[in-house]
Amino acid sequence: LTELGVNLPSFPNIPVVDARQLKDKTTSMYDDQGKSFFKMDPFSEEASRDTHASMYDHMFRFVWSSHNPFASTIIDEQFDIVSRQGKNLTCFLQQLQPKDIVLRKQQRLAAVASALVVRRAYQFQAVDGTGIGWSSASVTKCFHSLTKLFDEHRHRFHVTSFYPLRLELSKDERQSKLCVHGAKLYINPLDTPLQWLNTFRLVTPETLNEVKFCQDNLTSYTKSVQTGAFGGYVKMKRGHSCSSAEYHACMKRLASHHHADHQSIISATTFLPDDQPLLELALCRDSSIQVIVESSQSPRMRGAITHEGHIRVSSNMEPGEIVLTIAKLAQKAQQAMVVESQLTRECDELVKQLILLWNLDTIHIKVSHSPITTTQALSCLRRLRDEASSADSSKSSPSVRHDVDWRQHLEGHSVSISASGQFCHVGDDGSIIIPWDYR
(Lines give C-alpha, C1' and ligand atoms only; values in the text may rest on other atoms or scores of the structure.)
Protein backbone atom coordinates (compact mmCIF):
# COMPACT_ATOMS: atom_id res chain seq x y z
CA LEU A 1 0.00 0.00 0.00
CA THR A 2 2.92 2.35 0.66
CA GLU A 3 4.13 1.76 -2.91
CA LEU A 4 0.84 3.27 -4.13
CA GLY A 5 1.53 6.44 -2.18
CA VAL A 6 -1.40 5.98 0.21
CA ASN A 7 -1.09 7.37 3.72
CA LEU A 8 -2.80 4.81 5.92
CA PRO A 9 -4.07 5.55 9.41
CA SER A 10 -1.98 4.12 12.20
CA PHE A 11 -3.04 0.72 13.53
CA PRO A 12 -1.42 -0.56 16.73
CA ASN A 13 0.89 -3.57 16.36
CA ILE A 14 0.16 -3.85 12.62
CA PRO A 15 3.28 -4.09 10.44
CA VAL A 16 3.32 -2.78 6.87
CA VAL A 17 3.03 -5.65 4.35
CA ASP A 18 3.03 -5.96 0.60
CA ALA A 19 -0.29 -4.88 -0.94
CA ARG A 20 -0.42 -7.94 -3.19
CA GLN A 21 -0.09 -10.32 -0.22
CA LEU A 22 -2.70 -8.41 1.73
CA LYS A 23 -5.15 -8.66 -1.15
CA ASP A 24 -4.70 -12.42 -1.44
CA LYS A 25 -5.33 -12.94 2.26
CA THR A 26 -8.31 -10.63 2.22
CA THR A 27 -9.82 -12.54 -0.71
CA SER A 28 -9.55 -15.81 1.18
CA MET A 29 -11.19 -14.12 4.12
CA TYR A 30 -14.37 -13.36 2.17
CA ASP A 31 -14.66 -16.72 0.37
CA ASP A 32 -16.80 -18.44 3.03
CA GLN A 33 -19.49 -15.75 3.19
CA GLY A 34 -19.34 -15.28 6.90
CA LYS A 35 -19.43 -18.91 8.12
CA SER A 36 -15.77 -18.93 9.07
CA PHE A 37 -15.28 -15.27 8.24
CA PHE A 38 -11.50 -15.32 8.70
CA LYS A 39 -9.49 -18.41 7.72
CA MET A 40 -6.04 -17.25 8.82
CA ASP A 41 -4.61 -14.47 10.96
CA PRO A 42 -1.83 -12.71 9.05
CA PHE A 43 -0.81 -10.40 11.88
CA SER A 44 -1.71 -11.09 15.49
CA GLU A 45 -3.38 -13.99 17.26
CA GLU A 46 -4.83 -11.67 19.89
CA ALA A 47 -6.64 -9.49 17.37
CA SER A 48 -10.32 -10.28 16.86
CA ARG A 49 -11.81 -11.42 13.56
CA ASP A 50 -14.27 -8.54 13.36
CA THR A 51 -11.45 -6.03 13.93
CA HIS A 52 -9.43 -7.45 11.04
CA ALA A 53 -12.48 -7.67 8.80
CA SER A 54 -13.43 -4.05 9.47
CA MET A 55 -9.84 -2.92 9.04
CA TYR A 56 -9.41 -4.62 5.67
CA ASP A 57 -12.78 -3.37 4.49
CA HIS A 58 -11.97 0.27 5.25
CA MET A 59 -8.40 0.03 3.91
CA PHE A 60 -9.42 -1.22 0.47
CA ARG A 61 -12.37 1.13 0.26
CA PHE A 62 -9.99 4.01 0.99
CA VAL A 63 -7.50 2.83 -1.64
CA TRP A 64 -10.22 2.37 -4.26
CA SER A 65 -11.86 5.71 -3.63
CA SER A 66 -8.47 7.47 -3.67
CA HIS A 67 -7.26 6.08 -7.01
CA ASN A 68 -10.54 5.62 -8.88
CA PRO A 69 -11.68 8.88 -10.49
CA PHE A 70 -15.21 7.54 -10.91
CA ALA A 71 -15.60 6.51 -7.27
CA SER A 72 -17.99 8.53 -5.16
CA THR A 73 -16.89 10.05 -1.91
CA ILE A 74 -19.99 8.66 -0.19
CA ILE A 75 -20.24 4.87 -0.38
CA ASP A 76 -23.75 3.44 -0.53
CA GLU A 77 -23.69 0.22 1.49
CA GLN A 78 -27.31 -0.70 0.79
CA PHE A 79 -26.32 -3.43 -1.66
CA ASP A 80 -22.90 -4.23 -0.19
CA ILE A 81 -22.57 -8.01 -0.24
CA VAL A 82 -18.88 -8.15 0.65
CA SER A 83 -19.23 -6.87 4.17
CA ARG A 84 -21.86 -7.88 6.69
CA GLN A 85 -23.83 -4.66 6.26
CA GLY A 86 -26.70 -6.65 4.76
CA LYS A 87 -27.25 -8.38 8.12
CA ASN A 88 -27.71 -5.11 9.97
CA LEU A 89 -31.33 -5.32 11.07
CA THR A 90 -31.45 -1.72 12.26
CA CYS A 91 -30.40 -0.32 8.86
CA PHE A 92 -32.82 -2.66 7.10
CA LEU A 93 -35.77 -1.57 9.20
CA GLN A 94 -34.93 2.09 8.58
CA GLN A 95 -35.10 1.51 4.81
CA LEU A 96 -38.11 -0.82 4.92
CA GLN A 97 -41.03 0.29 2.76
CA PRO A 98 -44.45 -0.94 3.98
CA LYS A 99 -45.82 -0.80 0.43
CA ASP A 100 -43.33 -3.52 -0.60
CA ILE A 101 -44.73 -5.85 2.04
CA VAL A 102 -48.31 -5.17 0.93
CA LEU A 103 -47.36 -5.79 -2.70
CA ARG A 104 -45.65 -9.10 -1.90
CA LYS A 105 -48.68 -10.30 0.05
CA GLN A 106 -51.02 -9.42 -2.80
CA GLN A 107 -48.82 -11.22 -5.30
CA ARG A 108 -48.69 -14.32 -3.12
CA LEU A 109 -52.48 -14.38 -2.79
CA ALA A 110 -52.78 -14.06 -6.57
CA ALA A 111 -50.34 -16.97 -7.06
CA VAL A 112 -52.28 -19.18 -4.64
CA ALA A 113 -55.56 -18.36 -6.36
CA SER A 114 -54.18 -19.08 -9.83
CA ALA A 115 -52.69 -22.39 -8.61
CA LEU A 116 -56.10 -23.36 -7.24
CA VAL A 117 -57.69 -22.65 -10.64
CA VAL A 118 -55.12 -24.88 -12.37
CA ARG A 119 -55.61 -27.69 -9.86
CA ARG A 120 -59.36 -27.69 -10.23
CA ALA A 121 -59.26 -27.39 -14.03
CA TYR A 122 -56.86 -30.29 -14.60
CA GLN A 123 -58.01 -32.13 -11.42
CA PHE A 124 -54.51 -32.64 -10.08
CA GLN A 125 -54.02 -33.78 -6.52
CA ALA A 126 -51.78 -30.76 -5.89
CA VAL A 127 -49.86 -28.06 -7.78
CA ASP A 128 -46.36 -27.06 -6.69
CA GLY A 129 -44.51 -24.04 -8.09
CA THR A 130 -42.12 -23.34 -5.22
CA GLY A 131 -39.13 -25.32 -6.48
CA ILE A 132 -38.11 -23.05 -9.37
CA GLY A 133 -37.23 -19.99 -7.29
CA TRP A 134 -39.51 -17.60 -9.15
CA SER A 135 -41.43 -14.73 -7.63
CA SER A 136 -45.15 -15.01 -7.05
CA ALA A 137 -45.88 -12.60 -9.92
CA SER A 138 -43.93 -14.74 -12.41
CA VAL A 139 -45.52 -17.97 -11.18
CA THR A 140 -48.95 -16.38 -11.53
CA LYS A 141 -48.30 -15.65 -15.20
CA CYS A 142 -47.22 -19.26 -15.74
CA PHE A 143 -50.41 -20.57 -14.10
CA HIS A 144 -52.51 -18.24 -16.25
CA SER A 145 -50.86 -19.72 -19.35
CA LEU A 146 -51.69 -23.22 -18.10
CA THR A 147 -55.31 -22.23 -17.60
CA LYS A 148 -55.45 -20.80 -21.11
CA LEU A 149 -53.91 -24.02 -22.48
CA PHE A 150 -56.60 -26.07 -20.78
CA ASP A 151 -59.39 -23.95 -22.26
CA GLU A 152 -58.00 -24.26 -25.77
CA HIS A 153 -56.66 -27.85 -25.93
CA ARG A 154 -58.43 -29.91 -23.27
CA HIS A 155 -60.19 -31.92 -26.00
CA ARG A 156 -56.76 -33.25 -27.05
CA PHE A 157 -56.00 -34.78 -23.63
CA HIS A 158 -56.22 -38.55 -23.20
CA VAL A 159 -57.83 -38.23 -19.76
CA THR A 160 -60.41 -35.92 -18.25
CA SER A 161 -58.87 -36.03 -14.77
CA PHE A 162 -55.17 -36.18 -13.85
CA TYR A 163 -55.82 -37.38 -10.31
CA PRO A 164 -53.82 -38.76 -8.38
CA LEU A 165 -50.92 -37.01 -10.15
CA ARG A 166 -49.26 -33.91 -8.73
CA LEU A 167 -48.18 -31.11 -11.05
CA GLU A 168 -44.74 -29.68 -10.28
CA LEU A 169 -42.90 -26.87 -12.04
CA SER A 170 -39.28 -27.89 -12.62
CA LYS A 171 -36.45 -26.62 -14.81
CA ASP A 172 -34.51 -29.89 -14.62
CA GLU A 173 -34.42 -31.35 -18.11
CA ARG A 174 -32.54 -34.48 -17.06
CA GLN A 175 -35.45 -36.07 -15.24
CA SER A 176 -38.40 -37.76 -16.86
CA LYS A 177 -41.53 -35.71 -17.38
CA LEU A 178 -43.68 -38.38 -15.74
CA CYS A 179 -42.76 -40.19 -12.52
CA VAL A 180 -45.13 -43.08 -11.82
CA HIS A 181 -43.44 -43.96 -8.49
CA GLY A 182 -43.80 -40.45 -7.13
CA ALA A 183 -47.12 -39.70 -8.88
CA LYS A 184 -45.72 -36.46 -10.30
CA LEU A 185 -45.93 -34.72 -13.64
CA TYR A 186 -43.11 -32.24 -14.31
CA ILE A 187 -43.37 -29.32 -16.72
CA ASN A 188 -40.74 -26.74 -17.48
CA PRO A 189 -42.08 -23.18 -17.08
CA LEU A 190 -39.69 -22.06 -19.83
CA ASP A 191 -41.27 -24.38 -22.41
CA THR A 192 -43.86 -23.30 -24.95
CA PRO A 193 -47.56 -24.17 -24.56
CA LEU A 194 -47.23 -26.80 -27.30
CA GLN A 195 -44.45 -28.48 -25.35
CA TRP A 196 -46.68 -28.44 -22.29
CA LEU A 197 -49.41 -30.06 -24.37
CA ASN A 198 -47.10 -32.89 -25.38
CA THR A 199 -46.25 -33.45 -21.72
CA PHE A 200 -49.90 -33.61 -20.72
CA ARG A 201 -50.57 -36.07 -23.53
CA LEU A 202 -48.13 -38.50 -21.90
CA VAL A 203 -50.79 -39.23 -19.30
CA THR A 204 -53.15 -42.04 -20.34
CA PRO A 205 -55.65 -44.18 -18.39
CA GLU A 206 -53.05 -46.97 -18.31
CA THR A 207 -50.54 -44.53 -16.81
CA LEU A 208 -52.93 -43.55 -14.03
CA ASN A 209 -53.58 -47.22 -13.25
CA GLU A 210 -49.83 -47.82 -13.01
CA VAL A 211 -49.48 -44.86 -10.65
CA LYS A 212 -52.21 -46.20 -8.37
CA PHE A 213 -50.59 -49.65 -8.45
CA CYS A 214 -47.23 -48.20 -7.36
CA GLN A 215 -48.87 -46.20 -4.58
CA ASP A 216 -50.64 -49.29 -3.24
CA ASN A 217 -47.42 -51.28 -3.30
CA LEU A 218 -45.49 -48.54 -1.51
CA THR A 219 -48.18 -48.34 1.17
CA SER A 220 -48.00 -52.12 1.63
CA TYR A 221 -44.18 -52.07 1.82
CA THR A 222 -44.16 -49.22 4.33
CA LYS A 223 -46.73 -50.89 6.56
CA SER A 224 -44.83 -54.16 6.45
CA VAL A 225 -41.54 -52.50 7.40
CA GLN A 226 -42.78 -50.06 10.03
CA THR A 227 -45.40 -52.22 11.73
CA GLY A 228 -44.24 -55.75 11.04
CA ALA A 229 -40.46 -55.48 10.94
CA PHE A 230 -39.81 -52.73 13.48
CA GLY A 231 -42.89 -53.18 15.62
CA GLY A 232 -44.20 -49.67 15.01
CA TYR A 233 -41.22 -47.95 16.67
CA VAL A 234 -39.54 -46.82 13.42
CA LYS A 235 -41.00 -44.53 10.75
CA MET A 236 -39.51 -44.48 7.27
CA LYS A 237 -39.36 -41.28 5.23
CA ARG A 238 -37.98 -40.33 1.83
CA GLY A 239 -35.24 -37.69 1.91
CA HIS A 240 -35.03 -34.72 -0.42
CA SER A 241 -32.06 -36.13 -2.32
CA CYS A 242 -33.68 -39.54 -2.87
CA SER A 243 -35.86 -40.07 -5.92
CA SER A 244 -39.20 -41.79 -5.65
CA ALA A 245 -37.96 -44.78 -7.67
CA GLU A 246 -34.96 -45.25 -5.35
CA TYR A 247 -37.14 -45.03 -2.26
CA HIS A 248 -39.65 -47.47 -3.73
CA ALA A 249 -36.88 -50.00 -4.46
CA CYS A 250 -35.36 -49.60 -0.98
CA MET A 251 -38.70 -50.20 0.77
CA LYS A 252 -39.33 -53.21 -1.44
CA ARG A 253 -35.99 -54.76 -0.41
CA LEU A 254 -36.71 -54.11 3.28
CA ALA A 255 -40.18 -55.66 3.02
CA SER A 256 -38.82 -58.70 1.15
CA HIS A 257 -36.11 -59.13 3.81
CA HIS A 258 -38.77 -59.12 6.53
CA HIS A 259 -41.01 -61.64 4.75
CA ALA A 260 -38.04 -63.90 4.07
CA ASP A 261 -37.24 -64.14 7.78
CA HIS A 262 -40.92 -64.66 8.73
CA GLN A 263 -40.36 -62.83 12.02
CA SER A 264 -40.03 -59.38 13.45
CA ILE A 265 -36.60 -57.86 13.21
CA ILE A 266 -36.86 -56.79 16.84
CA SER A 267 -37.07 -60.40 18.00
CA ALA A 268 -34.34 -61.60 15.66
CA THR A 269 -31.36 -63.50 17.02
CA THR A 270 -28.84 -61.15 15.42
CA PHE A 271 -26.47 -59.65 17.97
CA LEU A 272 -24.33 -56.57 18.04
CA PRO A 273 -20.55 -56.86 18.60
CA ASP A 274 -21.01 -56.36 22.37
CA ASP A 275 -23.46 -59.32 22.53
CA GLN A 276 -26.47 -57.10 23.13
CA PRO A 277 -29.76 -57.88 21.40
CA LEU A 278 -30.29 -56.12 18.12
CA LEU A 279 -32.96 -53.57 18.95
CA GLU A 280 -34.11 -54.53 22.46
CA LEU A 281 -32.01 -51.86 24.19
CA ALA A 282 -31.81 -49.42 21.29
CA LEU A 283 -35.46 -48.68 20.58
CA CYS A 284 -37.41 -46.58 23.02
CA ARG A 285 -40.98 -47.74 23.55
CA ASP A 286 -42.24 -44.23 24.30
CA SER A 287 -41.64 -42.66 20.89
CA SER A 288 -40.77 -43.69 17.36
CA ILE A 289 -37.51 -43.03 15.55
CA GLN A 290 -37.62 -41.51 12.09
CA VAL A 291 -35.33 -43.02 9.48
CA ILE A 292 -34.71 -40.84 6.39
CA VAL A 293 -33.66 -42.62 3.19
CA GLU A 294 -31.29 -40.48 1.13
CA SER A 295 -30.01 -40.99 -2.40
CA SER A 296 -27.04 -43.23 -3.09
CA GLN A 297 -25.42 -40.26 -4.89
CA SER A 298 -25.82 -38.00 -1.89
CA PRO A 299 -22.61 -36.87 -0.19
CA ARG A 300 -24.17 -37.45 3.22
CA MET A 301 -22.66 -40.19 5.37
CA ARG A 302 -24.05 -43.70 5.32
CA GLY A 303 -25.73 -43.86 8.68
CA ALA A 304 -25.70 -40.45 10.37
CA ILE A 305 -27.77 -38.69 13.03
CA THR A 306 -29.22 -35.24 12.34
CA HIS A 307 -29.57 -32.53 14.95
CA GLU A 308 -33.28 -33.38 15.08
CA GLY A 309 -32.56 -36.96 16.15
CA HIS A 310 -33.33 -38.55 12.77
CA ILE A 311 -31.23 -41.34 11.29
CA ARG A 312 -30.10 -40.98 7.67
CA VAL A 313 -29.38 -44.07 5.60
CA SER A 314 -28.52 -44.56 1.95
CA SER A 315 -30.96 -46.10 -0.49
CA ASN A 316 -28.39 -48.58 -1.84
CA MET A 317 -27.60 -50.09 1.57
CA GLU A 318 -28.50 -53.73 2.12
CA PRO A 319 -31.50 -54.44 4.38
CA GLY A 320 -29.33 -56.06 7.03
CA GLU A 321 -26.94 -53.11 6.99
CA ILE A 322 -29.85 -50.70 7.44
CA VAL A 323 -31.12 -52.71 10.41
CA LEU A 324 -27.69 -52.74 12.08
CA THR A 325 -27.30 -49.00 11.45
CA ILE A 326 -30.63 -48.27 13.12
CA ALA A 327 -29.68 -50.51 16.05
CA LYS A 328 -26.34 -48.82 16.61
CA LEU A 329 -27.63 -45.25 16.30
CA ALA A 330 -31.07 -45.58 17.91
CA GLN A 331 -29.98 -44.69 21.44
CA LYS A 332 -28.02 -41.61 20.31
CA ALA A 333 -30.90 -40.60 18.09
CA GLN A 334 -33.30 -40.91 21.00
CA GLN A 335 -31.07 -38.69 23.14
CA ALA A 336 -30.86 -36.11 20.36
CA MET A 337 -34.66 -36.17 20.04
CA VAL A 338 -35.03 -35.44 23.76
CA VAL A 339 -32.65 -32.48 23.55
CA GLU A 340 -34.34 -31.24 20.38
CA SER A 341 -37.80 -31.45 21.96
CA GLN A 342 -36.62 -29.37 24.94
CA LEU A 343 -35.15 -26.72 22.66
CA THR A 344 -38.31 -26.71 20.55
CA ARG A 345 -40.48 -26.13 23.60
CA GLU A 346 -38.26 -23.24 24.66
CA CYS A 347 -38.49 -21.79 21.15
CA ASP A 348 -42.27 -22.03 21.21
CA GLU A 349 -42.40 -20.13 24.51
CA LEU A 350 -40.11 -17.40 23.18
CA VAL A 351 -42.20 -17.13 20.00
CA LYS A 352 -45.33 -16.52 22.07
CA GLN A 353 -43.53 -13.86 24.10
CA LEU A 354 -42.13 -12.08 21.04
CA ILE A 355 -45.50 -12.00 19.29
CA LEU A 356 -46.88 -10.09 22.28
CA LEU A 357 -43.80 -7.90 22.81
CA TRP A 358 -43.38 -6.83 19.17
CA ASN A 359 -47.10 -7.05 18.21
CA LEU A 360 -46.22 -9.47 15.41
CA ASP A 361 -48.56 -11.52 13.28
CA THR A 362 -46.55 -14.76 13.28
CA ILE A 363 -42.97 -15.99 13.60
CA HIS A 364 -41.86 -18.82 11.31
CA ILE A 365 -38.89 -21.04 12.08
CA LYS A 366 -38.37 -23.70 9.43
CA VAL A 367 -35.78 -26.06 10.90
CA SER A 368 -36.64 -29.35 9.20
CA HIS A 369 -35.82 -28.24 5.62
CA SER A 370 -33.33 -25.51 6.35
CA PRO A 371 -29.65 -25.38 7.35
CA ILE A 372 -30.64 -23.44 10.49
CA THR A 373 -30.67 -25.48 13.71
CA THR A 374 -32.94 -25.12 16.69
CA THR A 375 -30.02 -23.87 18.78
CA GLN A 376 -29.36 -21.09 16.29
CA ALA A 377 -33.04 -20.17 16.14
CA LEU A 378 -33.15 -20.10 19.94
CA SER A 379 -30.17 -17.76 20.05
CA CYS A 380 -31.89 -15.39 17.60
CA LEU A 381 -35.14 -15.43 19.59
CA ARG A 382 -33.29 -14.60 22.79
CA ARG A 383 -31.59 -11.63 21.14
CA LEU A 384 -34.94 -10.36 19.85
CA ARG A 385 -36.38 -10.67 23.34
CA ASP A 386 -33.46 -8.69 24.78
CA GLU A 387 -33.99 -6.03 22.11
CA ALA A 388 -37.63 -5.77 23.16
CA SER A 389 -36.59 -5.33 26.78
CA SER A 390 -34.06 -2.69 25.75
CA ALA A 391 -36.73 -0.82 23.78
CA ASP A 392 -39.06 -0.83 26.78
CA SER A 393 -36.25 0.45 29.00
CA SER A 394 -35.51 3.30 26.61
CA LYS A 395 -39.13 4.45 26.87
CA SER A 396 -39.27 4.26 30.66
CA SER A 397 -35.82 5.76 31.28
CA PRO A 398 -34.56 8.76 29.29
CA SER A 399 -30.96 7.81 30.07
CA VAL A 400 -31.27 4.60 28.04
CA ARG A 401 -31.29 5.23 24.30
CA HIS A 402 -32.56 2.95 21.57
CA ASP A 403 -31.69 4.21 18.09
CA VAL A 404 -34.59 2.68 16.13
CA ASP A 405 -38.03 1.75 17.37
CA TRP A 406 -38.22 -1.81 16.05
CA ARG A 407 -41.79 -2.22 17.25
CA GLN A 408 -42.93 0.53 14.91
CA HIS A 409 -41.44 -1.28 11.88
CA LEU A 410 -42.31 -4.86 12.88
CA GLU A 411 -45.80 -4.34 14.23
CA GLY A 412 -48.42 -6.37 12.41
CA HIS A 413 -45.95 -8.18 10.12
CA SER A 414 -44.77 -11.78 9.91
CA VAL A 415 -41.16 -12.60 10.74
CA SER A 416 -39.18 -15.59 9.48
CA ILE A 417 -35.80 -16.64 10.89
CA SER A 418 -33.44 -17.88 8.18
CA ALA A 419 -29.97 -19.36 7.95
CA SER A 420 -26.72 -17.45 8.15
CA GLY A 421 -26.13 -17.16 4.41
CA GLN A 422 -29.04 -14.76 3.84
CA PHE A 423 -29.41 -11.04 4.47
CA CYS A 424 -32.31 -9.12 5.98
CA HIS A 425 -34.95 -8.80 3.29
CA VAL A 426 -38.65 -9.04 2.53
CA GLY A 427 -39.74 -12.54 1.57
CA ASP A 428 -41.91 -13.44 -1.38
CA ASP A 429 -44.88 -13.91 0.95
CA GLY A 430 -44.42 -10.46 2.52
CA SER A 431 -42.70 -11.69 5.67
CA ILE A 432 -39.57 -10.05 7.06
CA ILE A 433 -36.65 -12.49 6.72
CA ILE A 434 -34.06 -12.16 9.48
CA PRO A 435 -30.88 -14.28 9.56
CA TRP A 436 -30.30 -15.85 12.93
CA ASP A 437 -26.90 -14.13 13.26
CA TYR A 438 -28.15 -10.65 12.37
CA ARG A 439 -26.17 -7.62 13.51
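The values are calculated or read from the model by the stated rules, or taken from the named source; none is laboratory data. Small disclaimer: the values here were computed from a predicted structure and weren't measured. Quick reminder, even Gly has a Cβ in these numbers, built from the backbone with ideal geometry, and neighbours come from all protein chains shown. Calculation scope for accessible area: heavy atoms of the full protein, side chains included, ligands and nucleic acids excluded. Shrake-Rupley method; radii C 1.70, N 1.55, O 1.52, S 1.80 Å.
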_Globularity index of region 290-350, i.e. its alpha-carbon radius of gyration over 2.2 N^0.38 Å_ = 1.27
*Roughly what would the spin-label model give for Asp386 and Glu173, points 7 Å off Cα along C-beta, in nm?*
5.2 nm
_Could you sort Ser341, Ser431 by their accessible area in this structure, using a 1.4 Å probe and putting the largest first?_
Ser341, Ser431
_Placed amide H near Gly427: partners under 5 Å, 5+ positions off or other chain_ = Ile432, Ile433
*Rounded if a/c is under 1.5, else prolate if a/b is larger than b/c, else oblate: which is region 119-203, with a ≥ b ≥ c the root eigenvalues of its Cα gyration tensor?*
rounded
*Could you pull out every residue, at least 5 positions away or on a different chain, whose amide H is within less than 5 Å of the one on Ser418? Hs are placed 1.01 Å off N in the peptide plane, and Pro or chain starts have none.*
Ile434, Trp436
*What relative contact order, as a whole-number percentage, does region 100-200 give when Cα pairs under 8 Å and 6 or more residues apart are counted?*
27 percent
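Please list Met251, Met337 in order of solvent-accessible area, largest first, computed with a 1.4 Å probe with all protein chains present.
On the way: Met251 0, Met337 45 Å².
The ordering from most to least exposed comes out as Met337, Met251.
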*Whole-Hz Karplus ³J(HN,Hα) for region 110-118, in order, using 6.51 cos²θ - 1.76 cosθ + 1.60 and θ = phi - 60°, x for Gly and Pro?*
5, 5, 5, 5, 5, 5, 5, 5, 5
*Pull out the extension gain between Arg302 and Thr147, defined as 0.36 nm times the separation in residues minus the alpha carbon to alpha carbon distance; nm, one decimal.*
51.4 nm
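When the chain is fully extended, how far beyond the present Cα-Cα distance does Lys223 get from Asn359, taking 0.36 nm per residue of separation? Can you show the working numbers first?
On the way: separation 136, 0.36 × 136 = 48.96 nm, distance 4.54 nm.
Full-extension gain reported as 44.4 nm.
Leaving ligands, DNA and RNA out of it, rank Thr160, Thr374, Thr227 by accessible area with a 1.4 Å probe, largest first. Can you show the working numbers first?
Details: Thr160 125, Thr374 5, Thr227 85 Å².
Putting Thr160, Thr374, Thr227 in descending order of accessible area: Thr160, Thr227, Thr374.
Cross-link list Lys212/Lys252; Lys223/Lys252; Lys235/Lys332; Lys171/Lys252; Lys184/Lys237; Lys184/Lys212: which exceed 22 angstrom alpha carbon to alpha carbon?
Values: Lys212/Lys252 16 Å; Lys223/Lys252 11 Å; Lys235/Lys332 16 Å; Lys171/Lys252 30 Å; Lys184/Lys237 17 Å; Lys184/Lys212 12 Å.
Over 22 Å Cα-Cα: Lys171/Lys252.
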*Would you calculate the separation in nanometres between label points at Gln94 and Ser420, each defined as 7 Å from the Cα along the Cα-to-beta-carbon direction?*
2.6 nm
